[in-house]
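Here is the structure we will look at, set down as structure tokens.
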Amino acid sequence: MKTLSVDHLLGIKQLNENDLHLIFETADHFKEVINRPIKKVPSLRDVTIANLFFENSTRTKLSFELAEKRLSADIINFSAAQSSVKKGETLVDTVNNILAMKVDMVVMRHPHPGAAAFLSREVDACIINAGDGTHEHPTQALLDAYSIREKFGEVAGKRVVIVGDILHSRVAISNIFALNKLGAEVKVCGPKSLLPKHIESLGVRVEPDLQKALKWCDVANMLRVQNERMDKSYFPSIREYTQLYGLTMPVLESVKHEVTVLHPGPMNRGVEISSAVADSDQAIILDQVENGVAIRMAVIYLLAAKLIKPEHP
Amino acid sequence: MTPKQLLSAPQIELLLHRLACQLIENHRDFSATVLIGLQPRGVYVLDRLVELLQSHYGIENLNSGKLDITFFRDDFRRSEKPRVAQPNQMEVVIENKAVVFIDDVLYTGRSIRAALTAIDAYGRPSSIELLTLIDRRFSRDLPIQPDYVGRQVDAIQNDKVSVQWRETHSEDAVYLIKESL
């Protein structure tokens, strides 16, 4: 049996290529499961999972919750907005209190980069990072790469451009790690103010011109402009951003070959992507959402296999 | 210790013919029957039986599927060697059909229990029977018995019964491997 090389999913950086392929192969089986009349397997019926969301989320939270339910795990949900965190409790105390209720795994989204790694050192449970600030969002990168693999048969050799707010995007960082490990070529495209300095050191190239980037690529991953993380003005106006980096049908059609369009959501229609593109056949945005459940089932299943074996009385 | 051969290729061929005839006796034209091979090794028995029933006994419109039970096993997180899942091929309707599970070796019965749970996801069969090439009759953990048996084998707990197929080995054969003490 193949197992993951890690005990927690903190980021793509810690995974090796075999881990990625194992997750994809397992997700293939779970994708078949979630298309059955009864979309549930009993594998995790003795595992309890806590979903801790210290930051807003719709898609990721629902996707994790559904994945856990499809595996028959017991789940508890926690949102920071209605919790004792507001009363001054520390993260470690909050999580240890939850673990005292006999929880085996923790899925956590947190606004601070490194929060998941910190937690994995401090508490005794399997940690899955569901997004930590501007650092990593591993399951999103896994489902993006899985969707590319599904569309093209493999990721190796494909040309992928990540467009938009790279500076504030954990999706971009995790995607770069995942695509590089799988042998894809990656370029990033966006206004200079939204590209981190020395991004090339991650093994990607910078292409400031969207047209040129599209001509080069097989896949365009359009990122959202993360206004909530911006402490200052990074570009003159939304209108100017849209004119230079917004993906519209005329721009897409000006490229001779077919470009597959990804978007991690939530979309700002009319800003980074036009409605016509988002709803076109070239966009596989809803496939990404479906694949998200299968990928998260695979990650949870493979990590649960590494939990300490239940004690026999 | 060297493995002892329990069945040779001609003997296996003979057993498969008998099993095919027994199936025909109970299922006639197979119009209300679905044969389900259990992944990973039951599918070899299934493929052979389907081939025999179609080419040798002239059964047409045979319905069959391949069922993976990995996610339904009761030894997840308990077994030292967790299994790798295999593809499901269940493009058949089992609702109100007579299902026959097909496996190579019936041992503890736990795989069959998992299969009984797994098949639930596809509908409610009118009945479920079990066909197994080898029945290790003294090793059951659960109250599960086969309806069609190729050969009964008396093997103690630590022995291993290995079924080899020409698809993966040089020829068809069944071996008993005694655990050295």
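Numerical summary
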{"read-out": "Value of [θ]222 nm, deg cm²/dmol, for chain A, DSSP H segments ≥ 4, -39500 (n - 2.57) each, nearest 500", "value": "-11000 deg cm²/dmol"}
{"read-out": "Solvent-accessible area buried by A and B, counting both chains, probe 1.4 angstrom, square angstrom", "value": "2000 Å²"}
{"read-out": "Residue-averaged beta-carbon neighbours from other chains (10 angstrom radius) around B:68-77", "value": "6"}
{"read-out": "Chain A: DSSP helices with Cα axial extent of at least 20 Å and average Kyte-Doolittle hydropathy no lower than 1.0", "value": "A:285-304"}
{"read-out": "Where labels lie 7 Å past Cα in the beta-carbon direction, separation of A:Ser254 and A:Asn96 in nm", "value": "5.9 nm"}
{"read-out": "R0 of 41 Å, Cβ-Cβ distance A:Asp46-A:Lys87: FRET efficiency to nearest 0.05", "value": "0.80"}
{"read-out": "For the protein assembly as shown, share of DSSP beta bridges that run antiparallel, in % to the nearest 5", "value": "15 percent"}
{"read-out": "Zone residues, the stretch B:105-136, relative to B:His169, backbone N less than 12 Å from point 7 Å out along Cα-to-Cβ", "value": "none"}
{"read-out": "Carbon and sulfur %, accessible surface of the stretch B:4-177 computed with the full protein complex present, 1.4 Å", "value": "46 percent"}
{"read-out": "Cα centre as origin, Lys/Arg/Asp/Glu Cβ charges: the protein assembly as shown dipole, Debye", "value": "760 debye"}
{"read-out": "Over 32 Å (Cα to Cα) - which of A:Lys102/A:Lys232; A:Lys2/A:Lys61; A:Lys31/B:Lys4; A:Lys69/A:Lys212; A:Lys39/A:Lys151 fall in this group", "value": "A:Lys102/A:Lys232; A:Lys31/B:Lys4; A:Lys69/A:Lys212"}
{"read-out": "From phi via Karplus (6.51, -1.76, 1.60), per-residue ³J(HN,Hα) for the stretch A:264-275 in Hz, x at Gly/Pro", "value": "x, x, x, 7, 9, 4, x, 9, 7, 8, 7, 4"}
{"read-out": "Cα gyration tensor, the stretch B:4-177 - rounded (a/c under 1.5), prolate or oblate", "value": "oblate"}
{"read-out": "Three-way shape call for the stretch A:138-289 based on the alpha-carbon gyration tensor, with the a/c threshold at 1.5", "value": "rounded"}
{"read-out": "Accessible area per residue in Å² at 1.4 Å probe, computed on chain A", "value": "43 Å²"}
{"read-out": "Local net charge near B:Val100, Cβ-Cβ under 11 Å (Lys/Arg +1, Asp/Glu -1)", "value": "-2"}
{"read-out": "Per residue value of the accessible surface for chain B (all protein chains in place, 1.4 Å probe), Å²", "value": "50 Å²"}
{"read-out": "Approximate shape of chain A as ellipsoid semi-axes (Cα gyration tensor, √5λ), whole Å, largest first", "value": "33, 22, 17"}
{"read-out": "A:Lys158 long-range amide H proximity, modeled H, under 5 Å", "value": "A:Glu185"}
{"read-out": "Residues of type aspartates and glutamates that A:Lys13 reaches as a straight line, Cα spacing below 13 Å, ignoring anything fewer than 8 places off in the same chain", "value": "A:Glu136"}
{"read-out": "Over the stretch B:1-156, relative contact order from alpha-carbon pairs under 8 Å, at least 6 apart, %", "value": "23 percent"}
{"read-out": "Amide H partners (placed H, <5 Å) of B:Gly65, local residues excluded", "value": "B:Leu35, B:Ile36, B:Gly37"}
{"read-out": "Share of carbon and sulfur in the accessible heavy-atom surface of chain A [1.4 Å probe, %]", "value": "51 percent"}
{"read-out": "Per-residue HN-Hα couplings for the stretch A:251-256 [Karplus 6.51, -1.76, 1.60; θ = phi - 60°; Hz; x = Gly/Pro]", "value": "5, 5, 6, 5, 8, 5"}
{"read-out": "Sites matching GluC sites (Glu not before Pro) across the stretch A:145-222 that sit in DSSP coil, with at most 14 neighbouring C-beta atoms within 10 Å", "value": "A:Glu154"}
{"read-out": "For B:Glu129, residues with placed amide H under 5 Å, excluding near neighbours", "value": "B:Val99, B:Val100, B:Phe101"}
{"read-out": "10 Å Cβ neighbours from other chains, averaged over peptide A:31-37", "value": "3"}
{"read-out": "Positive minus negative residues near A:Ile173 (Lys, Arg vs Asp, Glu; Cβ under 11 Å)", "value": "0"}
{"read-out": "Test item: A:65-75 mean partner chain Cβ contacts at 10 Å", "value": "0"}
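The values are calculated or read from the model by the stated rules, or taken from the named source; none is laboratory data. Small disclaimer: the values here were computed from a predicted structure and weren't measured. Heads up, the Cβs are rebuilt from the backbone with ideal geometry, glycines too, and the neighbour counts pull from every protein chain shown. When the accessible area is computed, the model is the full protein with side chains, heavy atoms only, and any ligands, DNA or RNA have been set aside. Shrake-Rupley method; radii C 1.70, N 1.55, O 1.52, S 1.80 Å.
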